[in-house]
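The values are calculated or read from the model by the stated rules, or taken from the named source; none is laboratory data. Remember, predicted model here, so these are calculated numbers, not experimental data. Reconstructed Cβ throughout: ideal geometry from the backbone, glycine too, with neighbour counts over all protein chains shown. With ligands, DNA and RNA removed, areas are computed over all heavy atoms of the protein, side chains included. Shrake-Rupley method; radii C 1.70, N 1.55, O 1.52, S 1.80 Å.
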Amino acid sequence: MVSSASIAVGLYYNVTKDIQFINEIGLPIILETARFWKSFGSWQLIDEKNKFVFNDVTGPDEYTAIVNNNYYTNRMAQHDLRLAVKLSKKIQEWNYQEFKNHQLDQKELESFSKIADNTYLPYNSNEQIIAQDDSFFEKPIWPFKTTPKENYPLLLHYHPLTIYRYQVAKQPDALMTDMLFPNDYGTDQKKRNYSYYEKITTHDSSLSLSIFSILAARLHYKEKVENYFMSTALTDLTDLQGNTDDGLHMANLGGNWLGLVYGFAGLRVSDSELSLTNNLPNDWESLQFKLKYQARELLITLNHKKRFYYTPIRKASSNHFKWK
């Protein structure tokens with residue numbers, strides 16, 4: 001929850017440029033979380049380099065617990081620290097008195113930057129992929145071939161302490177960073193990450209399929225993206241998890257929208273622009289949805305004839321769009 005706040009606040013600012021919100025609500029949240037990361041982590045010598053590490057944490061994967069340097073956790077902490085510096089500078093430019101009211105000083109911001117620049121992000125050189133955590137590759141891979149289909153979800157048939165001793169993921173963990181930070185690595189690296197973690201992920205969580213769908217769309221894995229997306233869309237309609245009687249999978253429903261917009265439409269939002277990439281599946285005729293971006297309402301249409309186009313519903317004074 002601490003790390004997700006930085007994604008939400010940063011995205012909101014990039015989309016709205018609402019500096020008043022950042023001053024009153026957004027920056028206080030980000031500053032406190034940045035201060036938490038600074039106090040929670042520690043410096044450690046790794047490969048003869050002084051790195052900032054986060055020990056005894058648990059990332060998104062519910063089949064792995066209490067590890068050192070969970071990649072997702074460390075990357076999100078790095079993002080939070082950098083966002084604290086960025087937003088503080090925005091407030092300083094906007095109103096220096098408000099900057100002072102947040103009890104900010106340059107030394108603290110410099111410490112945030114130093115920690116962020118030296119945050120340890122584990123990498124497995126043998127597999128040439130990002131490492132879920134420090135100990136993940138020291139464990140054997142779960143015996144998938146000898147595990148009966150009726151023994152999934154694993155958590156209903158095996159003790160957590162048994163599951164924790166293997167390389168097996170209930171849902172994407174390190175791969176979440178490829179979804180949230182698509183500019184971190186090139187396509188070849190992301191393909192290696194995807195290929196390895198896909199093989200050891202059980203999708204026992206309904207949160208899993210939409211992320212794999214988005215990444216498959218970005219990597220142009222046409223068959224995979226449709227399979228994952230349709231499984232996401234049909235989770236409750238076909239009782240895919242066998243527990244719809246207990247209620248709808250609401251986060252998975254949100255994943256449907258993410259799959260369409262972040263996957264098929266390749267949505268990316270940065271500080272300066274909104275970009276879209278047409279990843280529409282071959283057997284889909286078109287996709288249409290609405291977006292609000294920096295005081296402009298847009299109707300986005302994707303198809304295989306004109307690729308895609310947008311229709312301004314409400315105009316604004318600026319236009320920062322990038323189309324692929």
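Determine the dipole magnitude for segment 33-123: charges of +1 sit on the beta-carbon of Lys and Arg, -1 on that of Asp and Glu, nothing else is charged, the reference point is the Cα centre, and the result goes in debye to the nearest 20.
Taking the Cα centre of segment 33-123 as origin, the dipole is about 300 debye.
Assuming R0 = 56 Å, can you tell me the calculated FRET efficiency for the pair Lys107 and His159, based on Cβ-Cβ distance, to the nearest 0.05?
The pair Lys107/His159 has a calculated efficiency of 0.70.
Give the accessible surface of segment 39-116 per residue, rounded to a whole number of Å², with probe radius 1.4 Å and ligands, DNA and RNA excluded.
Heavy-atom accessible area per residue stands at 51 Å².
Looking at Val85, Ile129, Ile115, which one has the Cα that reaches farthest to the positive end of the dipole of segment 75-140 (charges on Cβ: Lys, Arg +1; Asp, Glu -1)?
Working it through, the farthest residue towards the positive pole turns out to be Val85.
Provide the solvent-accessible area of Trp284, counting protein heavy atoms only and rolling a 1.4 Å probe, rounded to the nearest 10 Å².
Counting only protein heavy atoms, Trp284 exposes about 60 Å² to solvent.
Going highest first, how would you order 122-129, 292-299 by mean Cβ packing within 10 Å?
For the peptides 122-129, 292-299, the packing ranking is 292-299, 122-129.
Full-extension gain between Met250 and His304, please, as 0.36 nm times their residue separation minus the C-alpha to C-alpha distance.
Gain in length upon complete extension: 16.3 nm.
Using Cα-Cα distances under 8 Å and only pairs 6 or more residues apart, what relative contact order does the chain have, in percent?
Answer for the chain is 13 percent.
What is the extension gain from Trp284 to Tyr12, computed as 0.36 nm multiplied by their sequence separation minus the C-alpha to C-alpha distance, in nm to one decimal?
94.9 nm
Just order 254-267, 157-170 by mean Cβ neighbour count inside 10 Å, highest at the front, would you?
Listed from highest to lowest mean packing, they are 254-267, 157-170.
Length gain on complete extension for the stretch Asn126 to Glu223, per 0.36 nm per residue less the alpha carbon to alpha carbon distance?
32.1 nm
Under a 1.4 angstrom probe, counting protein chains only, how are Thr16, Thr301 ranked by accessible area, largest first?
Result, largest first: Thr16, Thr301.
Provide the packing ranking of 146-156, 106-116, i.e. peptides ordered by the mean count of other C-beta atoms within 10 Å per residue, highest first.
Peptide ranking by packing, descending: 106-116, 146-156.
Can you compute the charge dipole magnitude of the chain about its Cα centre, using +1 on each Lys and Arg Cβ and -1 on each Asp and Glu Cβ, nothing else charged? Give it in debye, rounded to the nearest 20.
Dipole magnitude for the chain comes out near 1240 debye.
Which shape class applies to segment 1-147: rounded if a/c is under 1.5, otherwise prolate when a/b exceeds b/c and oblate if not, where a ≥ b ≥ c are the square roots of the Cα gyration tensor eigenvalues?
Since a/c reaches 1.5 and a/b is larger than b/c, the shape of segment 1-147 is classed as prolate.
Within straight cross-link reach of Lys114, meaning Cα distance under 26 Å, which lysines are found once same-chain residues fewer than 8 apart are removed?
Hits, sequence-local ones excluded: Lys38, Lys49, Lys51, Lys86, Lys89, Lys90, Lys100.
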